[in-house]
Amino acid sequence: MSIELKKALYNISALADLGQEITSEDNFTVKIQSVLHVIMGTFVVNRGAILWYEKTKDEITFIAKRGFEDASPACWETGQIMSLEKNEPRAVSGDSVLAGAGVAILIPLWVRDEFIGAVVLGDKFSAEAYSPEDLELLKVIAHQTAITINNHALFMGLSEKLEENRKLYEEMRRIYHDTLQAFAAAIDAKDVYTKNHSHRVARYSVAIARELGWNEHDVEGIYVAGFLHDVGKLVISNELLNKRKPFTSDELHEMKRHSLLSYKIISNIRFPWKDVENIIRHHHERLDGNGYPDALTREDLSDGVKILTLADSFDAMTTERAYREKMDIRTALVELRSCLDTQFDNKIMLAFCKVLEKEIKGELPEPNILPHLDRNFELSHITALLEGLIQELSQ
Amino acid sequence: MKSTAFNVASKCQGDAAVVYPRGYLNNIAGESLVSECHNVIGQGAKKIVLNFRETDFINSIGVSLLLNIIEDLNNIGGTLCFAEMSKIHRDTFEMLGLTKYILVFNDENEALQYLSTETS
């Protein structure tokens, strides 16, 4: 086999090496270092570098190099490099700065009309001159290298935009939640007896939903529903909300309007979570069909409704109201137990008991229920009750 | 071409070091070979035998890495021997003009024997 043929075969295999490296799944630093090795191994040079043009700074910097440790590309005339023919290798013997830095060949890298950077090579190890065939091959390799760097730059640009959007989304989300809390505070402030009620119901609902294995998107939905479930009370008069004596039939009818009013207010908002408005509308429904406003039964009620119903009732039981004293936690649990199958769902009750037990045992890093319960109550008094309920409901 | 995991071993033999690249010398993992040679040079060895018994494949990246080693030894006036290299790789190195800078031997003992007669 002639030496020319051997050289041609070696060059073809070098192009294959280049193809493998630029399509590899390696990170960009490894990829571009490998590309430089391919170039240096192909032309048998011991000095070589790939440079990237940083548009915002209008300067070129090394992204891979060997043998140019002392070179400072910031001193190189970027404009002059850009004025050279696109992707065409050329000897730089006439340029004292580049030649002084040890550059023998320079290829300005372009993709369409975008200046990407450059590849620079020193003399061949053998000190032979670059042949016309070498320069042709170098042109092909340089073009591929330019595309690789450009793709990376595009990807990085997209990643930066994505990160900016993510931060913006987080910021909007925070503002959204702050607004929700302000709204909830406005609702709760109307009734002196229900201070922080919406906040607690949201927290209890989150705890139950997580225990049921809901994904975080849906958990956020039930959290929002918890915050806004009583928004309709903004329309009910303060006198009625804070009335100490039992309601008349008309007053009771007026009070019951709040869930439908909440639904009407909330329906105007396009939430990213499904069913929030319906969960709010039905949070006073019962499994036995004796709830309001639509007298739905078990089969018609979603888990979201069942969660919010139980969370709302538990908080109502364990906090003081205008017309009654608050229950202790044990009594509230017994009360919930007595209303299973008529008001509350077994599965939801089981999840509530389990998560409460986990929080008492300190198994959850961020408890949602315990921080809101009566601090004077000895929690060990309900451990056995919870165990019994869990055992009973698990059967 | 799928690479096999590349690793390097070495041993000292008198004033020479024998370095064993194992696996395909076709990606950046081969830089460990350059590092190993750099280490043995740092320990005083000026004569290195690279035994390619367990290296079935060397591509352009491998050539670039070997060029680094050749240059490192050239800079200190050392001697680099290649041993047990396949014919195809030997032909490639010859075609690239690199055999001017290295000594090629059929086996490691032959290379070590030659180096033992060479004046340090």
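The values are calculated or read from the model by the stated rules, or taken from the named source; none is laboratory data. On a predicted model such as this, the values are computed, not experimentally measured, just so you know. Don't worry about glycine lacking a Cβ; one is built from the backbone with ideal geometry, like all the others, and counts go over all protein chains shown. Side chains are part of the model used for accessible areas, which takes the heavy atoms of the whole protein and leaves out ligands, DNA and RNA. Shrake-Rupley method; radii C 1.70, N 1.55, O 1.52, S 1.80 Å.
Looking at A:49, A:101, which is the one that is out of contact with any strand residue (DSSP E or B) (no Cβ under 6 Å at 6 or more places or on another chain) and open to solvent by less than 40 Å² (accessible area, probe 1.4 Å)?
On the way: A:49 fails: out of contact with any strand residue (DSSP E or B) (no Cβ under 6 Å at 6 or more places or on another chain).
Answer to the check: A:101.
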task = Sort out which residues of region B:12-27 are assigned to a loop (DSSP other than H, G, I, E, B) and closer than 23 Å to residue A:17 by Cβ, and write them in order of number.
result = B:23, B:24, B:26, B:27
remark   = Being surrounded by fewer than 20 Cβ atoms within 10 Å (Cβ to Cβ), among the aliphatic types (A, V, I, L, M) and either within 14 Å of chain A (Cβ to nearest Cβ) or out of contact with any Gly (no Cβ under 6 Å at 6 or more places or on another chain) (or both) narrows B:9, B:45 down to just B:9
note = Every listed condition ((1) within 14 Å of chain B (Cβ to nearest Cβ); (2) more than 18 Å from residue A:145 (Cα to Cα); (3) among the aliphatic types (A, V, I, L, M)) holds for residue A:50 save (2)
request  = Give the number of residues within region A:101-136 that are touching a residue at least 60 places away in the same chain (Cβ under 8 Å), within 14 Å of chain B (Cβ to nearest Cβ) and of a type in the set (Gly, Ala, Ser).
outcome  = 2
Hits in region A:223-237 - residues which are open to solvent by less than 20 Å² (accessible area, probe 1.4 Å) and not in a helix (DSSP H, G or I) = A:229, A:230, A:236
task = Could you tell me which residue of region A:355-395 is nearest to residue A:203 (Cα to Cα), considering only residues that are within 28 Å of the chain's Cα centre (by Cα) and of a type in the set (D, E, K, R)?
result = A:366
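What number of residues in region B:90-103 are open to solvent by 50 Å² or more (accessible area, probe 1.4 Å) and either within 14 Å of residue B:17 (Cα to Cα) or not aromatic (Phe, Trp, Tyr) (or both)? So that I can check it myself, show each step before the final result.
Initial filter on region B:90-103 (open to solvent by 50 Å² or more (accessible area, probe 1.4 Å)): B:90, B:94, B:100-101, B:103.
Within this subset, residues satisfying the condition of being either within 14 Å of residue B:17 (Cα to Cα) or not aromatic (Phe, Trp, Tyr) (or both) are B:90, B:94, B:100, B:103.
Total meeting the criteria: 4.
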Which numbered condition residue A:85 fails, given (1) surrounded by 13 or more Cβ atoms within 10 Å (Cβ to Cβ); (2) among the charged types (D, E, K, R); (3) farther than 24 Å from residue A:46 by Cα = (1)
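I want to confirm something. Restricting to region A:111-147 and keeping residues that are of a type in the set (Val, Ile, Thr), out of contact with any Ser or Thr (no Cβ under 9 Å at 6 or more places or on another chain) and in a helix (DSSP H, G or I), which single residue is least open to solvent (accessible area, probe 1.4 Å)? Reasoning before the result, please.
Initial filter on region A:111-147 (of a type in the set (Val, Ile, Thr)): A:111, A:116, A:119-120, A:140-141, A:145, A:147.
Now drop any that are not out of contact with any Ser or Thr (no Cβ under 9 Å at 6 or more places or on another chain), which leaves A:111, A:120, A:140, A:145, A:147.
Still in the list and also in a helix (DSSP H, G or I): A:140, A:145, A:147.
Values: A:140: 71, A:145: 1, A:147: 62 Å².
Restricting to residues being of a type in the set (Val, Ile, Thr), out of contact with any Ser or Thr (no Cβ under 9 Å at 6 or more places or on another chain) and in a helix (DSSP H, G or I), the top hit is A:145.
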note = Only one of A:69, A:77, A:59 is in contact with a Phe, Trp or Tyr (Cβ under 9 Å, 6 or more places away or on another chain), free of Cβ contacts under 8 Å to residues at least 24 places away in the same chain and charged (D, E, K, R), namely A:59
ask   = Residues in region A:28-44: is at least one surrounded by fewer than 21 Cβ atoms within 10 Å (Cβ to Cβ), more than 11 Å from chain B (Cβ to nearest Cβ) and at positive phi?
value = no
ask   = Pairs under 8 Å by beta carbon, first residue part of a loop (DSSP other than H, G, I, E, B) in region A:238-250, partner aromatic (Phe, Trp, Tyr), six or more apart or different chains?
value = A:242/A:193; A:243/A:323; A:244/A:323; A:245/A:323; A:246/A:323
task = Considering only residues that are among the polar types (S, T, N, Q) and out of contact with any Gly (no Cβ under 8 Å at 6 or more places or on another chain), look in region B:55-74 and name the one that is nearest to the other protein chains (Cβ to nearest Cβ).
result = B:68
inquiry  = So for region B:92-109 (the condition being within 13 Å of chain A (Cβ to nearest Cβ) and in contact (Cβ under 8 Å) with a residue 40 or more places away in the chain), does at least one residue qualify?
reply    = no
